[in-house]
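Presented below is the structure to which this report refers.
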Amino acid sequence: KLLLYFNEIHLKPLFALLDHEEYCSISACLLFQECINKNKFDQLRSAKCRLDAYRGLASEAYVSLSSKDPFLTAFELAHELRGLSKSEVFFKKEYTDLADQLSDYVVKLLDRVWTQRELSAVLDKTGSPQEDKFESLNRFKMAVDYEEKLFVSHPNCQQRIDRCWYEGLSKVGRADWARRLGLLFLSILSFPFLVMCFLFAPKTTYAQSLAVPAVKFVTHTGSFLIFLILVIATSHPDLCVWGDNFPLRPNDATVTEVMVSVWIMGMVVQECLEIWQFGIQAHIKDMFNVLDLMLLSVYIATYTIRYWTIFKVIGKLSFIVRAFHSLRLIVFFAFSDRMFWDLHDPINTAEGLFAMANILSFSRIVYLLPANETLGPLQISLGRMVKDILRFFGLAVMVIAAFMVALTNLFWYYATRDTIELHKQYIETPSAVEHYGGVMSTFRTVFWSIYGRGSVDDVTLGGYNNTVTETTGEVIDGMYNIVMVILLLNILIAMMSRSFDKIQEDADVEWKFARSALYLNYISEGRVLPVPLNVIEIPYDMIRKIISCCQHTNEPPEPKKNGKHHFDRSIIMRIKA
């Protein structure tokens, strides 16, 4: 097309004087300018040309013939097409079909893999297609990041991920539950010995057993369960009494509170290390990491307030010893009778935050469910339903706001004149004033009426005897229940049922993808010891590195070993063929 264009404008002799690089540069500039003109003057033609170009690029034959790494090309192109389906919604179906076509293409390529050596060449490839660089499960991690679920759930990939999960413990993966429980009991008994070996002799076989991903998962899960038990034990602190009958606030932390604080410190260190290793943007892509950040923020605020209160109580009690006559000055900080407390007492705030943190702590168990074949699909369905609820919430907020404003404007006068007009006649406050007299009271009434806690008498005006306003309120309240309860709630139920049915149709694929994402978190390099022992692991690791550097300072440098895996390029060529 460019040559015809050049002939038409009689510039062929000029371009004959240029070398190849200059010719390509000018050609690219002309093509870029042509795209700008199409996008500026004919957007439809530009969009269709873009779609046709991607149809050619997404062709299986074109990718197989032109790309040296068809897996990388297909992953990146499918990811780009899914992004275009969100930006160019008028061609959403076409771009989505092209992305699905590429996903099916890589699965067909994976079907052509016959040996473990070929599978390693596919899943471990990293870097550009021209480089012979390999890193364990690099392409597999890319497939998880790009949500290539068919590729990840393929039996070949699942065989490799299971092999990495039970590294050196393949017999455990095929053992029955009785043997697994027996091994778990023996592991619990030998765990202190294994930890000591890991700290002082990290290269021994016993120490390396803790770095097996399956063992890491068990130890980290056990640590979190112990944390939940400590949280339950901390929920009912003992009451301190001074003298015969003078209840005081706690003036020292309990053993369980100290242990929970240590666990929180270890969790904070773990989150900081993960953010340092992977970056904040990659870290917060996982919603469970966001949940962890919220959990730690609430716990840190809770125990900061608690320890600050204990510090203040200790100071005031020491003041009592020095000046007993000034006891009234320290009642707020020392006296435990909540009848005399201020509304915004720090203990009230700490207990409210602690209650929210308890909910977040137990909801964190959902993260572990994909490890089980039965509970994994339920966890995925729960996540999809939460997304449906959030989408429904946007429409529900508009409906609630509309009817809330209408009812508030209908009964505002009676709320402002109630104390003037009715109380002089010793008439009780009307029910409409109690339920719709203010913004917050109206919101509470409208919100809880969704769950059937409303009443017909909520709109009555009592002594005012204004039947027109009462009838209008009844009509608005009835319309609200029809729209909210009958229409919107049933729409929400239908959305959740559709999500559940869709998950059940692809339950095996969805579960294997979720399980693979969970496995990769433990297969990747990171701290081995669970919380709170990871706090001890960091200084020991630093000391070992310093000693290792000092030992190798005077030694001659060893020749660099080529860490590349030497795989024959014919493997990829045969798979493409």
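Go through L529, L520 for me and flag whichever is touching a residue at least 40 places away in the same chain (Cβ under 8 Å), surrounded by 14 or more Cβ atoms within 10 Å (Cβ to Cβ) and not in a helix (DSSP H, G or I). Step through it out loud before you land on a result.
Details: L520 fails: not in a helix (DSSP H, G or I).
So the residue among L529, L520 that is touching a residue at least 40 places away in the same chain (Cβ under 8 Å), surrounded by 14 or more Cβ atoms within 10 Å (Cβ to Cβ) and not in a helix (DSSP H, G or I) is L529.
Do you know which residues across the stretch 384-407 are touching a Phe, Trp or Tyr at 6+ places or on another chain (Cβ under 9 Å) and within 27 Å of D501 (Cα to Cα)?
Hits for the stretch 384-407 are R384, M385.
Return the residues of the stretch 366-386 that are open to solvent by 50 Å² or more (accessible area, probe 1.4 Å) and in contact (Cβ under 8 Å) with a residue 24 or more places away in the chain; say none if nothing qualifies.
Those that are open to solvent by 50 Å² or more (accessible area, probe 1.4 Å) and in contact (Cβ under 8 Å) with a residue 24 or more places away in the chain: E373, R384.
In the stretch 263-290, how many residues are surrounded by 14 or more Cβ atoms within 10 Å (Cβ to Cβ), under 26 Å from W308 (Cα atoms) and hydrophobic (A, V, I, L, M, F, W, C)?
Here the count works out to 6.
Filter the stretch 453-482 down to the residues that are out of contact with any helix residue (DSSP H, G or I) (no Cβ under 9 Å at 6 or more places or on another chain) and not in a helix (DSSP H, G or I) and list them by number.
Across the stretch 453-482, the qualifying residue is only N465.
Of everything in the stretch 82-107 that's among the charged types (D, E, K, R) and surrounded by fewer than 12 Cβ atoms within 10 Å (Cβ to Cβ), which residue is farthest from L51 (Cα to Cα)?
If we filter the stretch 82-107 for residues that are among the charged types (D, E, K, R), which is where we start, we get 82, 86, 88, 92-94, 97, 100, 104.
From what's left, surrounded by fewer than 12 Cβ atoms within 10 Å (Cβ to Cβ): 86, 93.
Working: K86: 14, K93: 11 Å.
In this case the residue turns out to be K86.
Would you point out the residue of the stretch 343-365, among those that are of a type in the set (G, A, S) and within 26 Å of W511 (Cα to Cα), that is surrounded by the fewest Cβ atoms within 10 Å (Cβ to Cβ)? Break it down into steps so the answer makes sense when it comes.
So in the stretch 343-365, the residues of a type in the set (G, A, S) come out as 350, 352, 355, 357, 361, 363.
Imposing the further condition that a residue be within 26 Å of W511 (Cα to Cα) reduces the set to 361, 363.
On the way: S361: 18, S363: 12.
If we take residues in the stretch 343-365 being of a type in the set (G, A, S) and within 26 Å of W511 (Cα to Cα), then S363 is surrounded by the fewest Cβ atoms within 10 Å (Cβ to Cβ).
In the stretch 162-171, is there at least one residue being surrounded by fewer than 18 Cβ atoms within 10 Å (Cβ to Cβ), part of a helix (DSSP H, G or I) and in contact with a Gly (Cβ under 8 Å, 6 or more places away or on another chain)?
Yes; the residues of the stretch 162-171 include at least one that is surrounded by fewer than 18 Cβ atoms within 10 Å (Cβ to Cβ), part of a helix (DSSP H, G or I) and in contact with a Gly (Cβ under 8 Å, 6 or more places away or on another chain).
Can you name the condition, by its number, that L184 falls short on among (1) outside any helix (DSSP H, G or I); (2) open to solvent by 40 Å² or more (accessible area, probe 1.4 Å); (3) in contact (Cβ under 8 Å) with a residue 24 or more places away in the chain?
Against the list (1) outside any helix (DSSP H, G or I); (2) open to solvent by 40 Å² or more (accessible area, probe 1.4 Å); (3) in contact (Cβ under 8 Å) with a residue 24 or more places away in the chain, L184 comes up short only on (1).
Filter the stretch 116-145 down to the residues that are of a type in the set (S, T, N, Q), loosely packed, with under 14 Cβ neighbours inside 10 Å and more than 18 Å from H79 (Cβ to Cβ) and list them by number. I'd like the intermediate steps shown before the answer.
Taking the stretch 116-145 first, the residues of a type in the set (S, T, N, Q) are 116, 120, 126, 128, 130, 136, 138.
Adding the requirement that they be loosely packed, with under 14 Cβ neighbours inside 10 Å leaves 116, 128, 130.
Within the stretch 116-145, Q116, Q130 meet the criteria.
Scan the stretch 483-492 and tell me whether some residue there is assigned to a helix (DSSP H, G or I), under 24 Å from the mean Cα position of the chain (by Cα) and of a type outside the set (V, I, T).
Initial filter on the stretch 483-492 (assigned to a helix (DSSP H, G or I)): 483-492.
With the extra rule that they be under 24 Å from the mean Cα position of the chain (by Cα), the set shrinks to 492.
Filter once more, keeping what is of a type outside the set (V, I, T): 492.
Scanning the stretch 483-492, I find at least one residue that is assigned to a helix (DSSP H, G or I), under 24 Å from the mean Cα position of the chain (by Cα) and of a type outside the set (V, I, T), so the answer is yes.
Considering only the stretch 493-514, state which residues are modelled with pLDDT under 90, in a helix (DSSP H, G or I) and of a type in the set (D, E, K, R).
R498, D501, K502, E505, D508, E510
The values are calculated or read from the model by the stated rules, or taken from the named source; none is laboratory data. Everything quoted here is computed from the prediction, not taken from an experiment. Don't worry about glycine lacking a Cβ; one is built from the backbone with ideal geometry, like all the others, and counts go over all protein chains shown. Accessible surface areas use protein heavy atoms only, side chains included; no ligands, DNA or RNA. Shrake-Rupley method; radii C 1.70, N 1.55, O 1.52, S 1.80 Å.
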